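Here is the structure we will look at, set down as structure tokens.
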Amino acid sequence: MANNDELFKKIVAHAKEYGFIFPSSEIYDGLSAVYDYGQLGVELKNNIKQYWWKSMVQLHENIVGIDSAIFMHPTIWKASGHVDAFNDPLIDNKDSKKRYRADVLIEDYIQKIEDKIGKEVEKASKRFENFDEAMYRQTNARVLEYQAKIDEVRSRFVQAMNDNNLPAIKTLIEDLGIVCPVSGTRNWTDVRQFNLMFSTQMGSTAEGTDTIYLRPETAQGIFVNFLNVQKSGRMKIPFGIAQIGKAFRNEIIARQFIFRMREFEQMEMQFFVRPGEELKWFEYWKAERMKWHQSLGISAQKYRYHDHEKLAHYANAATDIEYDFPFGFKELEGIHSRTDFDLTAHQNYSGRKMQYYDPEQGESYVPYVVETSVGLDRTLLAIISDAYQEEKLEDGSIRVVMNLPAFLAPYKVAVLPLVKKDGMPEKARQILSDLQEDYNCQYDEKDAIGRRYRRQDAIGTPYCITVDNQTMEDNTVTIRIRTTMQQERISLDNVSKRIAELLKESRIVK
Ligand code: GAP
């Protein structure tokens, strides 16, 4: 298999070639950090959403879902802290007119030194037998020098960020001699805070219009509906409200395909609990969500937790579930114990009570909240990155296969007549129409059967049903299994039942 950069390029190209993901507005040269899902991408995305919804809502009697509007009252974003604090520090290069995230320029600088350390370690490991990497890192003079530089830069950077000291960030960039990758110069503007929310006007005339925001997270739609749902659904604490929907962030730099987009989708759940019980529920959801990711058939080694040391002002515990993307371990989901911050803020700004009367305790309180928030697009990226494989077959040829979990695959079944004659297409179409009621199916009669199997492999179809000469004699067909390429012959009457069985078996956690 190719190295990770090459692999990532192949995944992006494959996603486009087969209709999973296209750059938005491509005929106009695209729109940065915005993507469209094609005919296969939308199926995969819908299947992921359905699976999340089923595990969070259908399988929990104390969790219900909502679908709140993207537009919300602008004061919501004041109360939530987004108007004042949802910022990234940005800096422009005056020569190239290119804009950068100041923190990313510094992180990239640190990364370059880390890469140098990596190279030193790699060289030494080839030179010495019984190489002790930990010892080498602790004793080699050059590595220690690099590490000291990293520590110094990091300490100045963290201090400046914590103090929101923008001039200090600029000074650091100048002191490190960081140049613009485009112009190669150090001609930088001052660092400014840049709010990530998109705004627009509501109302038809300029007079009396209101600036409103495209929501940067779906969570606030849940908080402001907390009492509506609790009362109309007679929910008792602990209970959760789940939502899937679009969110928008004006990310300064767009990188890594659908990993960081300006328009994306979140699957969020806010779990309302008694004050004092939030850390117990935080641990519960931390474990549950990790189990969910692993139930996608991806091996446990590809995931890790990253506990936050520096907590946001509203949280008393937070962790990320990270996935080992082709560009390294990065955040996939955030699990946050958000205390009573959001509900109390909305209570203060709206003047409406956001309290729950607890019949067991005989008192009212503002509930505490544990949030699980996963990016749908990042989940899809993790799934396709894991699924994309190039297998060398016995005859030396390469098979490109998307080993998607069968229950998520865009098409579950392809029905293929061996040849376009002798009644086979008619028979195949009959099978297709029987299966279509229950499964998303494809019909394909073009090209040799081997090529058709490969086409289905490339889009992740787990089962191919082939109608051949024997079918016309004894009403049996073959089912070819994508992962093993094995075929089994079964009676036509059993096809639907067998597919259901295979789909069920495919949901085994690795
Ligand atoms: N309500 C909490 C919240 O929004 P977050 O960590 O900012 O927390 C949650 O976002 C998840 O949303 C992330 O873990 C990530 O999967 C996804 N996400 C955030 N920004 C994104 C972006 N620009 N593009 C794609 N996904 C994004």
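The values are calculated or read from the model by the stated rules, or taken from the named source; none is laboratory data. Model, not experiment: these values are computed from the prediction. Backbone-built Cβ (ideal geometry, glycine too); neighbour counts: all protein chains shown. The accessibility values were calculated without ligands, DNA or RNA, using every heavy atom of the protein model including side chains. Shrake-Rupley method; radii C 1.70, N 1.55, O 1.52, S 1.80 Å.
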> When you look at residue 47, is it open to solvent by less than 70 Å² (accessible area, probe 1.4 Å), under 20 Å from the mean Cα position of the chain (by Cα) and farther than 17 Å from residue 388 by Cα, yes or no?
Replying inline: yes
> Among all residue pairs at least 6 apart or on different chains, which show Cβ distances below 7 Å where the first residue, located in segment 229-253, is assigned to a helix (DSSP H, G or I) and the second is open to solvent by less than 30 Å² (accessible area, probe 1.4 Å)?
Replying inline: 229/235; 229/241; 230/356
>> Looking only at segment 244-268, count every residue that is under 21 Å from residue 79 (Cβ atoms) and either within 10 Å of the ligand (Cβ to nearest atom) or in contact with a Cys (Cβ under 8 Å, 6 or more places away or on another chain) (or both) and tell me the total.
In response: 6
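Conditions tested, residue by residue: (1) open to solvent by less than 40 Å² (accessible area, probe 1.4 Å); (2) farther than 30 Å from residue 216 by Cβ.
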{"position": "76", "(1), (2)": "yes, no"}
{"position": "89", "(1), (2)": "yes, no"}
{"position": "98", "(1), (2)": "no, no"}
{"position": "107", "(1), (2)": "no, no"}
{"position": "118", "(1), (2)": "yes, yes"}
{"position": "136", "(1), (2)": "yes, yes"}
{"position": "141", "(1), (2)": "no, yes"}
{"position": "150", "(1), (2)": "yes, yes"}
{"position": "159", "(1), (2)": "no, no"}
>> For segment 312-332, give me each residue that is more than 19 Å from residue 261 (Cβ to Cβ), of a type in the set (Gly, Ala, Ser) and open to solvent by 20 Å² or more (accessible area, probe 1.4 Å).
In response: 312
>> Quick test of your reading of the structure: residue 51 fulfils all but one of (1) in contact with a helix residue (DSSP H, G or I) (Cβ under 8 Å, 6 or more places away or on another chain); (2) among the hydroxyl-bearing types (Ser, Thr, Tyr); (3) under 24 Å from residue 254 (Cα atoms). Name the failing condition by number.
In response: (3)
>> Need pairs with beta-carbon distance below 9 Å; first residue in the same structural domain as residue 264 (by TED's automatic domain parsing) and within segment 25-39, second in a helix (DSSP H, G or I) and loosely packed, with under 15 Cβ neighbours inside 10 Å; sequence gap 6+ or separate chains.
In response: 36/26
> What helices (runs of 4 or more DSSP H) lie completely within segment 115-193 and have 1 or more residues being closer than 14 Å to residue 91 by Cβ?
Replying inline: 141-162, 166-175
> Within the group 220, 230, 256, which residue is within 20 Å of the chain's Cα centre (by Cα) and under 25 Å from residue 354 (Cβ atoms)?
Replying inline: 220
> So which residues in segment 349-384 are open to solvent by less than 20 Å² (accessible area, probe 1.4 Å), within 14 Å of the ligand (Cβ to nearest atom) and closer than 30 Å to residue 454 by Cα?
Replying inline: 376, 377, 379, 380, 381, 382, 383
> Exactly one of (1) within 16 Å of the ligand (Cβ to nearest atom); (2) of a type in the set (D, E, K, R); (3) at pLDDT 95 or above; (4) loosely packed, with under 14 Cβ neighbours inside 10 Å is unmet by residue 302. Its number?
Replying inline: (4)
>> For the list (1) in a loop (DSSP other than H, G, I, E, B); (2) within 17 Å of residue 11 (Cα to Cα), I need the number of the one condition that residue 394 fails.
In response: (2)
> Checking residue 222 against (1) outside the structural domain of residue 353 (by TED's automatic domain parsing); (2) at pLDDT 90 or above; (3) closer than 30 Å to residue 312 by Cα, which single condition isn't satisfied?
Replying inline: (1)
> Yes or no: residue 88 within 30 Å of residue 345 (Cβ to Cβ) and either not assigned by TED's automatic domain parsing to the domain that holds residue 226 or not in a helix (DSSP H, G or I) (or both)?
Replying inline: yes
> Any idea which of (1) more than 16 Å from the ligand (Cβ to nearest atom); (2) within 30 Å of residue 254 (Cβ to Cβ); (3) open to solvent by 20 Å² or more (accessible area, probe 1.4 Å) is the one residue 297 doesn't satisfy?
Replying inline: (3)
> Considering segment 202-213 alone, what residues qualify as being open to solvent by 40 Å² or more (accessible area, probe 1.4 Å) and either modelled with pLDDT of 95 or more or under 23 Å from residue 264 (Cβ atoms) (or both)?
Replying inline: 202, 211, 213
>> Being more than 15 Å from the ligand (Cβ to nearest atom), of a type outside the set (Phe, Trp, Tyr), modelled with pLDDT of 95 or more and open to solvent by 50 Å² or more (accessible area, probe 1.4 Å) narrows it down to one residue among 390, 309, 394; which is it?
In response: 390
>> Please list, ordered by residue number, the strands (runs of 3 or more DSSP E) wholly in segment 422-510 having 2 or more residues that are touching a helix residue (DSSP H, G or I) at 6+ places or on another chain (Cβ under 7 Å) and surrounded by 13 or more Cβ atoms within 10 Å (Cβ to Cβ).
In response: 441-443, 463-467, 476-481
>> Let me confirm something: among 33, 15, which residue is part of a loop (DSSP other than H, G, I, E, B) and either of a type in the set (Val, Ile, Thr) or under 19 Å from residue 327 (Cα atoms) (or both)?
In response: 33
